Amino acid sequence: MTTAAIKPLKKAQKQTQKVQRPRNVLIVGVGGQGVIMVSKVLATLCQKQGFEVKQSEVHGMAKRGGAVFSHVRFGETVYSPTIPEGEADVLLALEWAEGMRWMPYLRQQSGTFIADTQHIVPPFACRNRTRGAQSGYVSETIETVMSHVDNSFAMDAMGIAEQLGVVKAANTVLLGALSTALDFDPEAWKSVISMFVPEKTIETNIRAFDAGRDWALGFDRESELRNLTDTHSLQQEGLAEVKVDRSIVEITEEWCKSCDICVKFCPERCLVLNDKLIVEMAEPERCTGCRMCEWLCPDFAIAVRTPDQISQ
Amino acid sequence: MSSVLNLQGNHACALAAIAAGCRFYAGYPITPSSEVAERMSLELPAVDGIFIQMEDEIASMGAVIGASLGGAKTMTATSGPGFSLKQEHLGYAAATEVPCVIINVMRGGPSTGMPTRPAQGDVMQARWGTHGDHPIIVLTPWSVEEVYEQTMRAFDLSEALRIPVVVLIDEVIGHLVESVDMARFKAVKPVERKWADSKKQGFQPYAITEDFVPPMPRPGDGYRTHTTGLTHAESGFPTQDPETGQRVISRLLDKLEHHNKLVESVEQTDCEDAEVVIVAFGITARAAQSAIALLQKAGIKAGLFRPITLWPFPDQSYASATRNARLVLVPEMNAGQLIVEIERYQKDGTSVVGLNRYDGEAIAPQQIVNKVKEVLQNA
Amino acid sequence: MLNKTKAAFEIRDYIREDLFPHFMCPGCGHGIAMRALLWAIHDLNIDKDKLAIVSGIGCSGRVGAYIDANTFHTTHGRPLTFATGLKLARPDLQVIVITGDGDCLAIGGNHLIHACRRNLDITCLMLNNETYGMTGGQVSPTTTRDRYTTTTPEGNYEPVFDACELAQGAGAGFVGREITLQTPSLKSLIQQGIAHPGFSFLEVISDCTEVYGRKNDLGESPQMVLSQKSEFRSDSYGMIADEVFQPRNVKTGVLHKSDRPEYAEAYQQRITDRVKK
């Protein structure tokens with residue numbers, strides 16, 4: 001190890017020694033996104049900084065798309081491996097809805113919320129199947145969250161990675177943002193990241209990390225919020241295009257054979273068979289655009305248009 | 001180099017297929033036709049063709065139709081039991097109008113019968129073997145040279161009319177080695193299938209055209225049509241509408257009637273004023289050829305009517321050939337199959353008599369002579 | 001799902017819309033399988049003009065007619081033979097066979113094993129609904145033991161075929177199984193099968209809701225789709241402690257993959273060697 005790397009490490013140790021209680025980072029997302037990889041990087045980093053680390057993860061179901069979360073706790077001494085509600089210092093969400101779902105775990109006022117704005121609807125997350133039960137996919141918009149959480153960062157990590165031409169490094173972009181919420185030296189982060197990524201991609205990942213860090217450091221929540229509010233008022237006055245953020249379910253009535261599959265399989269229960277026994281959208285505001293109905297309709301009577309398809 | 005080759009009937013068949021443009025052969029080994037497959041496996045690769053020995057007779061016929069749907073000129077060869085197994089697919093080819101050539105080197109039946117012995121027991125199966133009304137062409141060569149000629153012609157007819165063509169070869173001819181002068185086949189130009197090249201939008205693959213033969217859509221050309229063995233409308237899609245059903249099946253059947261001149265081929269020897277006309281095909285016609293010479297020597301006005309195209313039966317030529325006949329003798333190596341068709345055209349003053357043999361031996365000329373004399377004496 | 005795709009899949013680009021609604025019964029799994037197939041075709045960027053769908057007889061055989069491609073509805077049990085001829089004569093075509101459990105395993109069993117043995121580059125999609133639906137619900141080689149059909153009034157007493165094991169044993173280059181309920185996984189399996197150079201055998205666990213389902217009291221369509229699939233689990237579930245989610249005797253996913261020589265390639269190689277000599 002070079003002396004340059006050692007020096008900031010000592011400094012970091014000194015700083016963090018002041019912290020009496022363990023620091024809690026909750027990393028959430030859906031299967032296949034890389035939650036485990038991200039938390040491994042963080043855990044290794046903490047360990048190298050001389051902290052005791054506890055990392056516990058839940059893989060959900062072994063399928064892509066299932067919910068995955070990982071608790072990382074570090075400090076002088078850490079007893080419990082899991083973070084109690086309301087005690088996460090940082091909530092890092094690789095997927096928007098998962099971030100919303102775990103919001104109660106975030107420490108009020110001082111907690112930092114970092115979320116990737118990409119939406120991935122877990123297709124088989126059929127939680128409560130009874131009518132009127134709480135919706136499975138969150139409806140909070142970026143605006144709502146940002147106005148309620150002081151330290152909130154809503155970032156399009158995939159977009160940033162795409163701009164750099166390194167789509168696969170989206171998680172490293174998020175790590176860059178995360179690094180601004182924790183008191184570790186950026187160089188220490190980079191050396192740990194280099195351990196986890198394929199050798200050929202070290203350079204691109206370092207660039208992704210820097211891009212994420214720079215983005216977070218330059219992020220001005222107040223002006224972002226103003227922008228969003230301005231856009232809304234312009235939209236209300238008809239001066240700006242309204243971005244539809246809800247999926248639309250198109251139904252070809254003549255093709256529906258009343259098999260009831262879509263009605264019963266909709267995770268949010270938004271479909272019904274009407275008095276002619278033809279499927280009908282009863283509660284459009286609950287639709288998450290998961291496409292379950294479209295996939296399972298044997299008669300191709302249902303087509304789901306997601307917000308990006310509609311805006312196109 | 002001489003253009004005369006000494007060829008076995010089955011080999012002549014294979015060579016003629018190649019010359020006609022056959023580029024796909026699928027078959028299954030069966031006596032006495034196996035030499036056709038063997039020769040094809042040798043010849044096809046040299047012309048960038050495909051030879052495949054399939055798992056059974058049904059599969060070979062399926063593969064032949066599949067390849068033809070793809071655009072290749074195709075052939076298979078078989079014998080009695082195998083021909084039975086191919087019948088369903090033969091019907092499919094007829095209904096969907098997919099060109100293909102089926103060689104049936106006939107052997108003794110019923111069932112496994114006498115695999116190495118000659119017989120002509122497939123006359124009716126060749127015509128009516130598959131279920132339902134369907135068009136089919138059956139050719140019956142009587143020499144190795146004619147095997148070559150008729151096999152080539154089978155391809156031409158099949159491609160031109162989109163009808164499966166069966167070539168019935170006698171076991172004796174399939175295994176006979178004769179000299180064939182190839183010179184006369186050199187200049188023959190094979191007929192090519194009529195491919196669709198009209199507008200793709202709203203294309204009707206089974207449209208009723210002037211010549212009753214709709215141009216065939218080639219996969220990959222952008223027509224994206226449907227082919228089905230179900231009764232289909234002009235669009236190619238299945239129909240249950242009685243009126244449409246009647247119309248499209250009529251067109252299918254009328255196709256042969258319409259092209260009768262092209263399809264028909266007969267050979268008549270001394271029939272003009274014949275009192276005795278012998279109707280025979282294949283190897284039996286060769287015996288009959290000798291027989292009429294012997295009968296004429298004995299002062300009997302005898303002629304030979306040889307339907308080379310056995311199905312559709314050349315009824316008009318037959319009627320004209322037998323207009324002066326008192327006796328029509330039908331020698332065949334079966335218990336009486338062609339005679340059933342001939343009896344349909346029987347008129348007053350003419351008696352139709354059969355001479356049948358199904359013991360695995362060919363009919364000899366003297367047998368025919370004796371039979372004629374016997375019938376005339378008893379008359 | 002996690003990747004952004006270029007052009008969104010629109011099923012109407014791949015079907016013969018004027019023939020819709022299709023003739024299959026309400027809740028029939030074949031429609032779901034058809035979507036997965038078309039979705040895979042879309043994602044593989046296959047040109048419809050170069051796509052040949054060959055099907056046999058039965059409910060599965062009728063699926064082809066609804067696809068906007070070169071479609072061939074052949075004879076009972078024999079689509080693989082037609083496909084073999086077609087693919088050999090036209091290697092430029094993407095040949096996909098749609099068949100059923102009766103079509104493929106009973107009357108067409110011989111063709112299946114030899115198609116597997118040859119390993120010609122064809123994709124065989126077998127829609128297994130455990131019965132002969134078109135003819136009124138008779139017993140098939142895959143009818144679950146003790147289930148009632150119109151020809152097993154006392155319940156089925158015949159052993160059941162494991163089609164995937166059969167295909168693998170016979171030499172198929174790619175073998176997989178998936179349930180219609182897991183549409184994205186099914187699509188991905190089909191995609192892999194088509195992309196595999198060689199013979200791919202894909203068993204789709206479909207549902208005959210109206211005939212077989214009713215006869216056996218398997219519930220309404222949605223119930224049947226759920227319950228009939230309870231036997232099928234992906235291999236990866238083997239790690240899960242919760243017994244309910246453990247795989248039983250029927251596994252899904254890619255079950256076998258080998259790089260045996262593809263038939264047409266091997267043929268051309270051998271022929272070239274001989275003819276060039």
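Give me the pairs: first residue in the range C:38-53 and under 15 Å from C:LEU189 (Cβ atoms) and among the aliphatic types (A, V, I, L, M), second residue modelled with pLDDT of 95 or more and in a helix (DSSP H, G or I), beta-carbon distance under 7 Å, and six or more apart or on different chains, which are they?
C:LEU38/C:ILE11; C:ALA40/C:LYS187; C:ALA40/C:ILE190; C:ALA40/C:GLN191; C:ALA40/C:ILE194; C:LEU44/C:GLN191; C:LEU44/C:ILE194; C:LEU44/C:ALA195
Select, from C:ILE113, C:ILE107, the only residue that is of a type in the set (Val, Ile, Thr) and either touching a strand residue (DSSP E or B) at 6+ places or on another chain (Cβ under 8 Å) or within 17 Å of C:GLN168 (Cα to Cα) (or both). Break it down into steps so the answer makes sense when it comes.
Working: C:ILE107 fails: either touching a strand residue (DSSP E or B) at 6+ places or on another chain (Cβ under 8 Å) or within 17 Å of C:GLN168 (Cα to Cα) (or both).
Going through C:ILE113, C:ILE107 in turn, just one is of a type in the set (Val, Ile, Thr) and either touching a strand residue (DSSP E or B) at 6+ places or on another chain (Cβ under 8 Å) or within 17 Å of C:GLN168 (Cα to Cα) (or both): C:ILE113.
Applying the selection to the range A:293-311, what residues are assigned to a helix (DSSP H, G or I) and in contact with a helix residue (DSSP H, G or I) (Cβ under 9 Å, 6 or more places away or on another chain)? Before the answer, list the steps.
Here is the first cut: in the range A:293-311, the residues assigned to a helix (DSSP H, G or I) are A:293-296, A:307-311.
The answer is A:CYS293, A:GLU294, A:TRP295, A:LEU296.
Is the range A:194-208 home to any residue that is part of a helix (DSSP H, G or I) and within 18 Å of the chain's Cα centre (by Cα)? Spell out the reasoning first.
Filtering the range A:194-208 for residues part of a helix (DSSP H, G or I) gives A:194-196, A:199-208.
Cutting the leftovers down to within 18 Å of the chain's Cα centre (by Cα) gives us A:208.
Yes - at least one qualifying residue is present in the range A:194-208.
Of everything in the range B:61-88 that's of a type outside the set (S, T, N, Q) and part of a loop (DSSP other than H, G, I, E, B), which residue is nearest to C:ALA266 (Cα to Cα)?
Residues of the range B:61-88 of a type outside the set (S, T, N, Q): B:61-67, B:69-73, B:75, B:77, B:80-83, B:85-86, B:88.
From what's left, part of a loop (DSSP other than H, G, I, E, B): B:71-72.
On the way: B:GLY71: 22, B:ALA72: 21 Å.
So, considering only residues that are of a type outside the set (S, T, N, Q) and part of a loop (DSSP other than H, G, I, E, B), the one nearest to C:ALA266 (Cα to Cα) is B:ALA72.
Of (1) closer than 27 Å to C:GLN268 by Cα; (2) in contact with a Lys or Arg (Cβ under 8 Å, 6 or more places away or on another chain), C:TRP39 satisfies all except one. Which?
(1)
Quick test for you: out of C:ILE15, C:ILE53, C:ILE46, pick the one residue that is buried (at least 24 other Cβ atoms within 10 Å of the Cβ), more than 8 Å from chain B (Cβ to nearest Cβ) and at negative phi. First the steps, then the outcome.
Details: C:ILE15 fails: buried (at least 24 other Cβ atoms within 10 Å of the Cβ); C:ILE46 fails: buried (at least 24 other Cβ atoms within 10 Å of the Cβ).
From the options C:ILE15, C:ILE53, C:ILE46, the qualifying one is C:ILE53.
How many of the residues making up the range A:269-292 are in a helix (DSSP H, G or I) and within 11 Å of chain C (Cβ to nearest Cβ)?
Residues that pass the stated criteria total 1.
Which is surrounded by fewer than 16 Cβ atoms within 10 Å (Cβ to Cβ), among the small types (Gly, Ala, Ser) and either touching a Lys or Arg at 6+ places or on another chain (Cβ under 6 Å) or within 14 Å of chain C (Cβ to nearest Cβ) (or both), of B:GLY229, B:GLY202? Talk me through it step by step, then tell me what you get.
Details: B:GLY229 fails: surrounded by fewer than 16 Cβ atoms within 10 Å (Cβ to Cβ).
Matching residue, one of B:GLY229, B:GLY202: B:GLY202.
What about C:ASP68, is it within 14 Å of chain B (Cβ to nearest Cβ), surrounded by fewer than 24 Cβ atoms within 10 Å (Cβ to Cβ), touching a residue at least 40 places away in the same chain (Cβ under 8 Å) and within 26 Å of B:THR231 (Cα to Cα)?
Values: within 14 Å of chain B (Cβ to nearest Cβ): yes; surrounded by fewer than 24 Cβ atoms within 10 Å (Cβ to Cβ): yes; touching a residue at least 40 places away in the same chain (Cβ under 8 Å): yes; within 26 Å of B:THR231 (Cα to Cα): yes.
Criteria met by C:ASP68.
Any residue at all in the range A:260-282 that is surrounded by fewer than 18 Cβ atoms within 10 Å (Cβ to Cβ), under 25 Å from the mean Cα position of the chain (by Cα) and within 23 Å of C:ILE11 (Cα to Cα)?
No: zero hits.
B:PRO45 fails exactly one of the following numbered conditions: (1) within 10 Å of chain C (Cβ to nearest Cβ); (2) touching a Phe, Trp or Tyr at 6+ places or on another chain (Cβ under 6 Å); (3) part of a helix (DSSP H, G or I). What is the number of that condition?
Here B:PRO45 meets the rest and fails (2).
With the requirement that a residue be buried (at least 24 other Cβ atoms within 10 Å of the Cβ) and among the β-branched types (Val, Ile, Thr), what does the range B:143-197 give you?
B:VAL144, B:VAL147, B:THR151, B:ILE163, B:VAL165, B:VAL166, B:VAL167, B:ILE169, B:ILE173, B:VAL180
Residue pairs, Cβ under 9 Å, 6 or more apart or interchain, first in the range B:231-246 and closer than 18 Å to B:GLY91 by Cα, second surrounded by fewer than 16 Cβ atoms within 10 Å (Cβ to Cβ) and acidic (Asp, Glu). List them.
Between residues of the range B:231-246 that are closer than 18 Å to B:GLY91 by Cα and residues that are surrounded by fewer than 16 Cβ atoms within 10 Å (Cβ to Cβ) and acidic (Asp, Glu), the close pairs are B:ALA233/B:ASP241.
Filter the range A:23-42 down to the residues that are more than 14 Å from chain C (Cβ to nearest Cβ), of a type outside the set (Val, Ile, Thr) and buried (at least 22 other Cβ atoms within 10 Å of the Cβ), then identify the one that is farthest from A:GLU85 (Cα to Cα).
Only one residue fits best here, namely A:LEU42.
Residues B:ILE58, B:ILE30: which one is at the interface with another protein chain (Cβ under 8 Å from one of its Cβ atoms) and more than 24 Å from C:THR272 (Cα to Cα)?
Numbers: B:ILE30 fails: at the interface with another protein chain (Cβ under 8 Å from one of its Cβ atoms).
So the residue among B:ILE58, B:ILE30 that is at the interface with another protein chain (Cβ under 8 Å from one of its Cβ atoms) and more than 24 Å from C:THR272 (Cα to Cα) is B:ILE58.
Here is a list: A:SER147, A:SER179. Which entry is at pLDDT below 85 and either assigned by TED's automatic domain parsing to the domain that holds A:VAL41 or within 28 Å of A:LEU106 (Cα to Cα) (or both)? Please lay out each step first, then the result.
Values: A:SER179 fails: at pLDDT below 85.
Unique residue meeting the criteria: A:SER147.
Restricting attention to the range A:169-187, which residues are assigned to a helix (DSSP H, G or I) and buried (at least 18 other Cβ atoms within 10 Å of the Cβ)?
Within the range A:169-187, the first condition is being assigned to a helix (DSSP H, G or I), and the residues that meet it are A:169-179, A:186-187.
Residues satisfying the conditions are A:ALA169, A:ALA170, A:ASN171, A:THR172, A:VAL173, A:LEU174, A:LEU175, A:GLY176, A:ALA177, A:LEU178, A:SER179.
Regarding the range B:348-359, can at least one residue be identified that is within 17 Å of B:ASP170 (Cα to Cα) and aromatic (Phe, Trp, Tyr)?
yes
Report yes if some residue within the range C:163-178 is crowded, with 24+ Cβ neighbours inside 10 Å and either within 14 Å of another protein chain (Cβ to nearest Cβ) or of a type in the set (Asp, Glu) (or both); otherwise report no.
The initial filter retains those residues of the range C:163-178 that are crowded, with 24+ Cβ neighbours inside 10 Å, namely C:167, C:172-178.
When the remaining residues are screened for being either within 14 Å of another protein chain (Cβ to nearest Cβ) or of a type in the set (Asp, Glu) (or both), the result is C:178.
Yes; the residues of the range C:163-178 include at least one that is crowded, with 24+ Cβ neighbours inside 10 Å and either within 14 Å of another protein chain (Cβ to nearest Cβ) or of a type in the set (Asp, Glu) (or both).
Just to verify a result, which residue in the range C:78-122, among those that are part of a helix (DSSP H, G or I) and acidic (Asp, Glu), is farthest from the other protein chains (Cβ to nearest Cβ)? Give the derivation first.
Going through the range C:78-122, the residues part of a helix (DSSP H, G or I) turn out to be C:79-89, C:101-107, C:109-118.
Within this subset, residues satisfying the condition of being acidic (Asp, Glu) are C:101, C:103.
On the way: C:ASP101: 18, C:ASP103: 13 Å.
Only one residue fits best here, namely C:ASP101.
Criterion first (closer than 25 Å to B:ARG162 by Cβ, away from chain C (no Cβ under 14 Å) and either of a type in the set (A, V, I, L, M) or out of contact with any Pro (no Cβ under 9 Å at 6 or more places or on another chain) (or both)) does B:VAL64 satisfy it? Let's see the steps before the verdict.
On the way: closer than 25 Å to B:ARG162 by Cβ: yes; away from chain C (no Cβ under 14 Å): no; either of a type in the set (A, V, I, L, M) or out of contact with any Pro (no Cβ under 9 Å at 6 or more places or on another chain) (or both): yes.
Considered against the rule, which asks whether it is closer than 25 Å to B:ARG162 by Cβ, away from chain C (no Cβ under 14 Å) and either of a type in the set (A, V, I, L, M) or out of contact with any Pro (no Cβ under 9 Å at 6 or more places or on another chain) (or both), B:VAL64 comes out as no.
When you go through B:LYS186, B:LYS199, B:LYS194 one by one, which is the residue that is among the basic types (Lys, Arg) and either touching a helix residue (DSSP H, G or I) at 6+ places or on another chain (Cβ under 6 Å) or closer than 30 Å to B:GLN8 by Cα (or both)? Quick ask: steps written out before the conclusion?
Numbers: B:LYS199 fails: either touching a helix residue (DSSP H, G or I) at 6+ places or on another chain (Cβ under 6 Å) or closer than 30 Å to B:GLN8 by Cα (or both); B:LYS194 fails: either touching a helix residue (DSSP H, G or I) at 6+ places or on another chain (Cβ under 6 Å) or closer than 30 Å to B:GLN8 by Cα (or both).
Only one candidate passes the filter, namely B:LYS186.
The values are calculated or read from the model by the stated rules, or taken from the named source; none is laboratory data. Keep in mind that this is a model prediction, so the values were computed, not measured. Ideal geometry is used to build each Cβ from the backbone, glycine not excepted, and the neighbour counts take in all protein chains shown.
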